[in-house]
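Quick notes on the structure that follows.
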Amino acid sequence: MTPKQQLESILSNQYESEDGDLYKVELLDGMTDSEIENLKNQLPDNNLPNEIEELLRFSKGFEFYGLEEVRFDAFGHFGFEEMFPKSIQLAGDGFGNFWILDIDSKGIWNSVYYVCHDPSVVVKHSENLTEFIRHVDEFGQKGNQSNLDIIHERTVMDIWTEKIGIMEKNEKDYDFENGQVELPEMFLVADLTNQPIKTGFPWGKSGPNTKIIRPSDEPIWIVEKRVKQGFLSRLFGGKK
């Protein structure tokens with residue numbers, strides 16, 4: 001099913017808010033030829049996939065209770081470029097956390113990630129935009145039993161507290177010593193290649209200004225690891 005078909009399939013669905021109010025998806029207008037052309041000029045390789053262009057001509061987004069406005073055209077709005085160099089900021093939760101669609105250097109629209117700042121965790125949320133729209137519909141239908149709510153409320157904490165995780169267990173060999181990136185002194189590798197949804201990693205365990213590197217289009221990140229020093233180590237460190 002294409003993203004447009006998925007969106008069309010939920011337009012007649014009726015949902016109930018936490019306050020008991022009934023609501024439906026409220027579509028935003030579709031994009032004009034000039035708006036489409038302007039977006040293409042911003043995208044990597046000036047590539048807008050056909051099924052995405054079809055969606056955008058139909059609607060550039062929609063309103064949905066519990067989320068900030070869902071947008072399919074918000075390219076370059078997300079500022080965390082070391083994590084996602086090219087992306088669509090699909091939606092926010094109103095508390096500084098966002099759903100991001102990752103775009104590669106050829107302009108291909110890939111998976112959707114939930115980027116949380118407290119705790120500072122990234123989670124693979126949906127395989128693609130079609131599934132993300134389906135997950136929004138599921139959120140309206142099932143509430144706290146939905147994929148969206150489980151990730152938002154529980155999965156991020158499980159990843160942060162290391163009940164689940166991929167970084168420390170990553171034993172794959174990577175060729176990062178190619179001179180193209182300046183590696184931190186110590187680092188962990190977060191590899192979400194072929195990982196299922198609800199898989200993710202903490203990006204802020206080492207505190208503010210943690211160095212994060214995305215070496216390629218693949219969903220692989222190098223995350224700096226800092227070892228906390230004790231008081232005496234800091235006091236006498238570097239002294240002979």
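The values are calculated or read from the model by the stated rules, or taken from the named source; none is laboratory data. Just so we're clear, the structure is a prediction, and the values are computed from it rather than from any experiment. With ideal geometry, Cβ positions are generated from the backbone for all residues, glycine too; neighbour counts draw on all protein chains shown. Note: accessible area is taken over every heavy atom of the protein model, side chains too, but ligands, DNA and RNA are not part of it. Shrake-Rupley method; radii C 1.70, N 1.55, O 1.52, S 1.80 Å.
See the values below:
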{"quantity": "For the range 23-164: rounded, prolate or oblate by the Cα gyration tensor [a/c cutoff 1.5]", "calculated": "oblate"}
{"quantity": "Solvent-accessible area of LYS225 with every protein chain in place, 1.4 Å probe, in Å² to the nearest 10", "calculated": "80"}
{"quantity": "Accessible-area composition of the chain, carbon plus sulfur, in percent [1.4 Å probe]", "calculated": "45"}
{"quantity": "Fully extended contour minus Cα-Cα distance, from ASN128 to PHE80, at 0.36 nm per residue", "calculated": "15.3 nm"}
{"quantity": "Placed amide H near ASP104: partners under 5 Å, 5+ positions off or other chain", "calculated": "ASN110"}
{"quantity": "Mean accessible surface per residue for the chain, computed with a 1.4 Å probe while every protein chain stays in place, in Å²", "calculated": "55"}
{"quantity": "Relative packing of 86-93, 42-49, 29-36, which averages over residues the other C-beta atoms within 10 Å, highest first", "calculated": "86-93, 42-49, 29-36"}
{"quantity": "Cubic angstrom per residue, convex hull over Cα atoms of the range 34-79", "calculated": "83"}
{"quantity": "Over the chain: helical MRE at 222 nm, DSSP H runs n ≥ 4 each giving -39500 (n - 2.57), nearest 500", "calculated": "-6000 deg cm²/dmol"}
{"quantity": "Which labelled figure in (1) 1.03; (2) 1.10; (3) 0.93 is Rg/Rh (Cα atoms, Kirkwood Rh), once derived from the coordinates", "calculated": "(1)"}
{"quantity": "Estimated distance in nm for a label pair at GLU218 and GLU63, the labels positioned 7 Å out from Cα along Cα-to-Cβ", "calculated": "4.4"}
{"quantity": "In range of the label at ASP118: residues from the range 71-89 whose backbone nitrogen is under 19 Å from the point 7 Å along Cα→Cβ", "calculated": "79-80"}
{"quantity": "Entries of LYS172/LYS198; LYS40/LYS172; LYS106/LYS142; LYS124/LYS211; LYS40/LYS142; LYS24/LYS124 with Cα pairs more than 31 Å apart", "calculated": "LYS40/LYS172; LYS106/LYS142; LYS40/LYS142"}
